[in-house]
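The values are calculated or read from the model by the stated rules, or taken from the named source; none is laboratory data. All of these numbers come straight from a predicted model, not from anything done at the bench. With ideal geometry, Cβ positions are generated from the backbone for all residues, glycine too; neighbour counts draw on all protein chains shown.
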Amino acid sequence: MTFWFRRYDTDVLRLGVVAGARTGKAVQRNRARRLLREAFRLNREKLHGNGDIVLSARSSICDTTYGEVSRELLELARRAGLYGDRAGSDPRKGHARQASSKDRI
């Protein structure tokens with residue numbers, strides 16, 4: 001998956017999910033979106049920050065489990081400064097950035 005984050009001066013953390021045609025046919029795209037939304041929903045309380053998160057599914061997500069997607073989400077959120085010790089300490093406040101996994105889930 002690809003993880004994009006943009007900080008805003010709001011008090012909410014919003015989610016956008018993208019699963020393009022390269023992800024597969026409609027059934028695979030819908031499953032990918034469900035996995036990404038569920039991983040975010042169940043881990044939302046662990047994430048710190050205000051702004052928009054956009055998750056883009058890769059074709060390999062169709063062969064993964066919810067646990068793998070959830071771990072990947074938290075790892076990418078940690079890299080973006082939304083999870084863990086560095087949460088909320090980004091000096092580039094307001095800039096968009098991308099964190100992407102090596103495995104490209």
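Checking the stated criteria, L15 turns out not to satisfy the condition of being outside any helix (DSSP H, G or I) and closer than 16 Å to R79 by Cα.
Test R78 against the criterion of being at pLDDT below 90 and surrounded by 15 or more Cβ atoms within 10 Å (Cβ to Cβ), and give yes or no. So R78 does not fit the description; no. Please count how many residues of the stretch 1-12 are under 16 Å from R78 (Cα atoms) and in a loop (DSSP other than H, G, I, E, B). Residues flagged as under 16 Å from R78 (Cα atoms) and in a loop (DSSP other than H, G, I, E, B) within the stretch 1-12 amount to 1. For the stretch 65-78, the set of residues classified as within 15 Å of G49 (Cα to Cα) and either free of Cβ contacts under 8 Å to residues at least 60 places away in the same chain or of a type in the set (S, T, N, Q) (or both) consists of L74, R78, listed by residue number. Every test in (1) under 19 Å from Y83 (Cα atoms); (2) without any contact (Cβ under 8 Å) to a residue 12 or more places away in the chain is passed by R34 save one, and that test is (1). Within the stretch 37-62, the set of residues being assigned to a strand (DSSP E or B) and either β-branched (V, I, T) or farther than 13 Å from A80 by Cβ (or both) comprises I53, V54, S56.
Residues in the stretch 66-85 that are over 11 Å from L36 (Cα atoms) and of a type in the set (S, T, Y): Y83 only. In the stretch 11-31, of all residues being touching a strand residue (DSSP E or B) at 6+ places or on another chain (Cβ under 7 Å) and of a type in the set (V, I, T), the one that is nearest to G81 (Cα to Cα) corresponds to V17. Taking the criterion of being over 12 Å from L15 (Cα atoms), touching a Ser or Thr at 6+ places or on another chain (Cβ under 8 Å) and not β-branched (V, I, T), the residues of the stretch 44-69 that qualify are A57, R58, S59, C62. When restricted to residues that are within 20 Å of R78 (Cβ to Cβ), surrounded by fewer than 17 Cβ atoms within 10 Å (Cβ to Cβ) and touching a helix residue (DSSP H, G or I) at 6+ places or on another chain (Cβ under 8 Å), the stretch 18-63 contains 4.
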